[in-house]
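One structure is given below, encoded as structure tokens.
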Amino acid sequence: WVAVLAVVRPLLAGWQAGHTTAREGRRQRAVSRAHGACVTRSGVQGSVAVADPARTGTTTMVRKAAPGGVGGLAISAADAPVVSCLSYALCSMSMVLANKLVLSRYNITQTFSLLLFQTAATVLLLLLARRTGHVAFAWRSSTARRWLPVNLLFLLMLFTGFKSLKLLSVALVNIFKNLTNVVTLFGDWFIFRQRVTSGVVASLALTVVAAVFAGASDLSFNVAGYAWMALNCVGSASYGLSTRGVMKTEQLDQFGAAFYNNVLGIPLLLVVCFATGEMPAVFAIPQMRDPGCVLAILFTGVIGFVLQLSSLWCIKATSASTQGMVGALNKIPLSVLGVFLFNDQMTLKLAGFITVGLAGGVLFTMAKLKVRREAEAAA
């Protein structure tokens, strides 16, 4: 919640400042029409002086929103890289742990309804961010038609991710998530003709071997969980590859892509929820009368959007390479937290294979960063 407030507070401050400015503007125009008011700007930074003839000798000072900082906190340029990386890592881990809490601890089985709520929350927060001027995107029918297949892959990725996270431990989900890189790497090589180095292949081989032995050492082996995880790996890789192509041709940034993903997904999810009977039955389940469960569900709706904000902030304050490395490294404490928070079964052998698999993910990220630097240097 600290990370959420740190990133969302500027949006609320911007909305309040915009609302105050609009209200003052309407009042000034009304006074001007009635009395021929003269509006002058003050020399005080961040204020507007309004001369009101209806109030002789009085001047109203309207304070503007102060620029800079995060959530009203003044963060220096020297501290921004560290703070942004910590914020991104905290948001990323919080997203996984919150979903695991809702799906496993509170045993929410209405997956489509949960997904519908999260997509709707993201759309509302994106519109709020656009209203306050923090992001900019527009609706184009041609882009929506091209984005629809990508949206189906996006929903497949989220749905299978929910299913696998409910049935498998956080540590196993993390290590098998790294197998997505195998499919993605093949797509990069086959579709985009990207160069594959020996370091990348070696790190992926290490990840695959560790994942196979980790699955074989899993005491609570769940066939359905691993099947959903396999579908999630394929869906995630397909979504990433298709998103890259459409974003290049349509010139969309990360927020534009998020807007189309969630807006296009809402109608489809509504149809599925009513067709499967999840709606309106989800509002009558006992968990919805538990304040802790409701708070956790609300948190999952907010943290997904905040994760995108913190990701962009991390890239802006550091680089895309640093952001990728933070994403790879935060899986290590996330796996440890999953064991302690959800009492996942863990043996010494399984912990060793998971550690090797996570190390393979870090090595893969380092190898990809090296390839990117060499490509940039050659260009």
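The values are calculated or read from the model by the stated rules, or taken from the named source; none is laboratory data. Predicted, not measured: the structure shown is a model, and the values here were computed from it. Heads up, the Cβs are rebuilt from the backbone with ideal geometry, glycines too, and the neighbour counts pull from every protein chain shown. Only protein heavy atoms, including side chains, enter the accessible area calculation; ligands, DNA and RNA are left aside. Shrake-Rupley method; radii C 1.70, N 1.55, O 1.52, S 1.80 Å.
Points to keep in mind about this one:
- Filtered residues of the stretch 119-167 (kept if surrounded by 15 or more Cβ atoms within 10 Å (Cβ to Cβ) and of a type in the set (S, T, N, Q)): 119, 122, 132, 143, 151, 160, 164
- Criterion (in contact (Cβ under 8 Å) with a residue 60 or more places away in the chain, open to solvent by 70 Å² or more (accessible area, probe 1.4 Å) and either assigned to a loop (DSSP other than H, G, I, E, B) or in contact with a Ser or Thr (Cβ under 7 Å, 6 or more places away or on another chain) (or both)) met by exactly one of 252, 231: 231
- Some residue of the stretch 62-84 being open to solvent by less than 40 Å² (accessible area, probe 1.4 Å) and at pLDDT 80 or above: yes
- Count of the stretch 172-183 residues which are surrounded by fewer than 18 Cβ atoms within 10 Å (Cβ to Cβ) and among the hydroxyl-bearing types (Ser, Thr, Tyr): 0
- The combined condition, being at pLDDT below 85, surrounded by 15 or more Cβ atoms within 10 Å (Cβ to Cβ) and either in a helix (DSSP H, G or I) or not β-branched (Val, Ile, Thr) (or both), is fulfilled by residue 258.
- The stretch 186-214: number of residues that are surrounded by fewer than 18 Cβ atoms within 10 Å (Cβ to Cβ) and of a type in the set (Asp, Glu): 0
- Residue check, residue 217 more than 30 Å from residue 151 (Cβ to Cβ) and open to solvent by 60 Å² or more (accessible area, probe 1.4 Å): no
- Some residue of the stretch 108-118 being farther than 20 Å from residue 303 by Cα and either touching a Pro at 6+ places or on another chain (Cβ under 7 Å) or modelled with pLDDT of 85 or more (or both): yes
- Qualifying residue in the stretch 86-106 (condition: open to solvent by 20 Å² or more (accessible area, probe 1.4 Å), more than 25 Å from residue 245 (Cα to Cα), β-branched (Val, Ile, Thr) and not in a helix (DSSP H, G or I)): no
- All positions within the stretch 119-139 that are modelled with pLDDT of 90 or more and more than 17 Å from the chain's Cα centre (by Cα): none
- Residue in the stretch 301-317 that is over 24 Å from the mean Cα position of the chain (by Cα) and either exposed (fewer than 14 other Cβ atoms within 10 Å of the Cβ) or of a type in the set (Ser, Thr, Tyr) (or both) present: no
- Per the conditions (1) open to solvent by 30 Å² or more (accessible area, probe 1.4 Å); (2) in contact with a helix residue (DSSP H, G or I) (Cβ under 6 Å, 6 or more places away or on another chain); (3) among the aliphatic types (A, V, I, L, M), the sole criterion not satisfied by residue 237 is (1).
- Candidates 112, 162, 154 - the one that is among the aromatic types (Phe, Trp, Tyr), assigned to a helix (DSSP H, G or I) and farther than 18 Å from residue 278 by Cα: 154
- Count - residues of the stretch 261-299 that are exposed (fewer than 12 other Cβ atoms within 10 Å of the Cβ) and among the charged types (D, E, K, R): 1
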